[in-house]
1. Among the residues of segment 237-249, which ones are assigned to a helix (DSSP H, G or I) and either modelled with pLDDT under 95 or under 27 Å from the mean Cα position of the chain (by Cα) (or both)?
2. Sort out which residues of segment 390-422 are in a loop (DSSP other than H, G, I, E, B), near the ligand (Cβ under 6 Å from one of its atoms) and over 17 Å from Ala76 (Cβ atoms), and write them in order of number.
3. Do we have Arg156 as in contact (Cβ under 8 Å) with a residue 40 or more places away in the chain and over 20 Å from Pro448 (Cβ atoms) here?
4. Yes or no: Thr267 in contact with a helix residue (DSSP H, G or I) (Cβ under 7 Å, 6 or more places away or on another chain) and away from the ligand (no atom under 16 Å from the Cβ)?
5. What helices (runs of 4 or more DSSP H) completely inside segment 292-370 contain at least 3 residues that are buried (at least 24 other Cβ atoms within 10 Å of the Cβ) and touching a Ser or Thr at 6+ places or on another chain (Cβ under 8 Å)?
6. Do we find a residue being away from the ligand (no atom under 16 Å from the Cβ), surrounded by 20 or more Cβ atoms within 10 Å (Cβ to Cβ) and over 18 Å from Glu106 (Cα atoms) anywhere in segment 239-255?
7. Of the residues Arg215, Arg209, which single one is in contact (Cβ under 8 Å) with a residue 12 or more places away in the chain and more than 23 Å from the chain's Cα centre (by Cα)?
8. Here are the criteria: (1) surrounded by fewer than 22 Cβ atoms within 10 Å (Cβ to Cβ); (2) touching a Gly at 6+ places or on another chain (Cβ under 6 Å). Tell me which single one Ile69 does not satisfy.
Amino acid sequence: MATVLEMPQPEKTAHAAAARPASEIPLASGLPFLGNTLEMAKDPAAFFVRCYHDYGPVFKVKVFGRESIVIAGPEAALFMTTREGRDALRSKEFNQGVADEYGATEVINGVDGPRHIRLRTLMREGFSREAVHGQYDAMVEITDRALARKWSAGARLPVVEAIQYLIVEQLGMIMTGQAPLDYVEDIRFAILTILNVLVTRQRPQIMLRDPRYKRARQRVDQLGQHMITDFRQRLEAGTAPDNLITDIIRANRDDKDLMPDRNLILTVTGPYVAGLDTAANTIAACIYGILKEPGVAARVQAEADELFAKDTLTEEDFRKLPVINGAVMEAMRLWPIAVAQMRATNYDFEFGGYVIPKDALLYVGTSVPHFMPEFFPEPMKFDIDRYQRPRAEHLQKGAYSPFGRGPHSCLGQGLAEVLMAMCVARIFHRFDLALPTPDYVLKTKTTPTPGPAMSFAVRIVRERHAGLV
Ligand code: HEM
């Protein structure tokens, strides 16, 4: 499907010779001057699906006056997981800005090759499902503590923001044993600005000079510094917990090449950057889907009630939630936070019959199949039963990639799945919610990451079960 052109691979020359030059890659139709800027800003997932239908798996888009190549569809998703995909693509260009902002040499999602593997190995366990091992009951308490702050019967609640607070508290608990309550607002503000300006580049650099941002960044640094000091002491005293932050601090002590001092603050506060907007957007979209699709809320509540009737909760209990996990998976399919993965190319290679040139900036539209009826019949329907066997629609090749594909696929997937299931289960166990009106249609945003608009609010109709706090 894809063939390296520049590297000496004689058996592939014939294939390569047949490939058409990049100049012939079709440019997506758009508006004069603006090109595809508006269509992309409005709904990037729908835009890529439209282009895939019109042009196939390779096309160009013009956004803000700049043309970029897109490879999309199941072909592109599968390409990401091949050796060719791994070797041909790099991610530094799109992530070094965040490292620079923190004075760090690198950030994990901007590193490739053997060094990237070493960093992933270091952090794999801390970011996994096992990170919550033995803490499920504490997580329920933390969730209730966060819910107690804003979720009360009769209230109209903007969902995305409320969930962002919840996620910061949960992540803080898992990583440090404490929710960083005094820092929640600063973490949110700094991280959303960083994502907007430095990662997705949808806002101007001048926002980094805003005094409010600078203050929030200083506070995040302060939090990072506290975490570092605290965990260094605990490591010395032999009382450090078995978790991500301990692994990072230990690496800094034992292997300065892998984890130099200057990378520490970004690395220990990194989970907030990676987890805040992604999980909050998905949970908010999931709440919408559950409330919108008739009959689903009652099924979610029945499953959640059964879960919380147990004396103590374990990892196994969270794996076995077909209704709730199905709803979360549907939210990730229909409202993917990573519509495309952004990469640069290391050398010329062939994809879909065209030459993709060296040093091109590339969008890899791995979410396009999420909307293809060939994979997901009635693709716009929020159908939580798709994932159960014998249907298991997500298991078809290249069909489902909410956590990305390839060497940089989400390292926090296991942790994210637990957090999201916990939030959805607890919220629907505790409350009856309603959409603003029964015919309400979700408004979405694209900055910093695609998801429900900040204005999306639900009505808390009544409290079904009291919380622990
Ligand atoms: C709904 C929740 C989430 C979704 C859909 C999601 C999705 C993704 C995607 C698509 C990528 C790949 C980006 C790329 O290839 O350029 C990624 C990377 C990553 N995610 Fe997540 N993520 C979620 C939550 C989390 C959470 C909660 C954490 C940790 C607390 C996390 C940690 C990471 C890390 C560390 C990477 C970088 C991996 C690497 O570069 O090797 N994610 N995520």
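The values are calculated or read from the model by the stated rules, or taken from the named source; none is laboratory data. Keep in mind the model is a prediction, meaning the values are calculated, not measured. For neighbour counting, all protein chains shown are included, and Cβ atoms are generated from backbone atoms with ideal geometry for every residue, glycine included.
1. Leu244, Ile245, Thr246, Asp247, Ile248, Ile249
2. Cys410, Leu411, Gly412
3. Here the answer is yes, as Arg156 does meet what is asked.
4. Against the criterion (in contact with a helix residue (DSSP H, G or I) (Cβ under 7 Å, 6 or more places away or on another chain) and away from the ligand (no atom under 16 Å from the Cβ)), Thr267 does not qualify.
5. Because the criterion is at least 3 residues that are buried (at least 24 other Cβ atoms within 10 Å of the Cβ) and touching a Ser or Thr at 6+ places or on another chain (Cβ under 8 Å), the helices (runs of 4 or more DSSP H) in segment 292-370 that meet it are 322-334.
6. No.
7. Arg215
8. (2)
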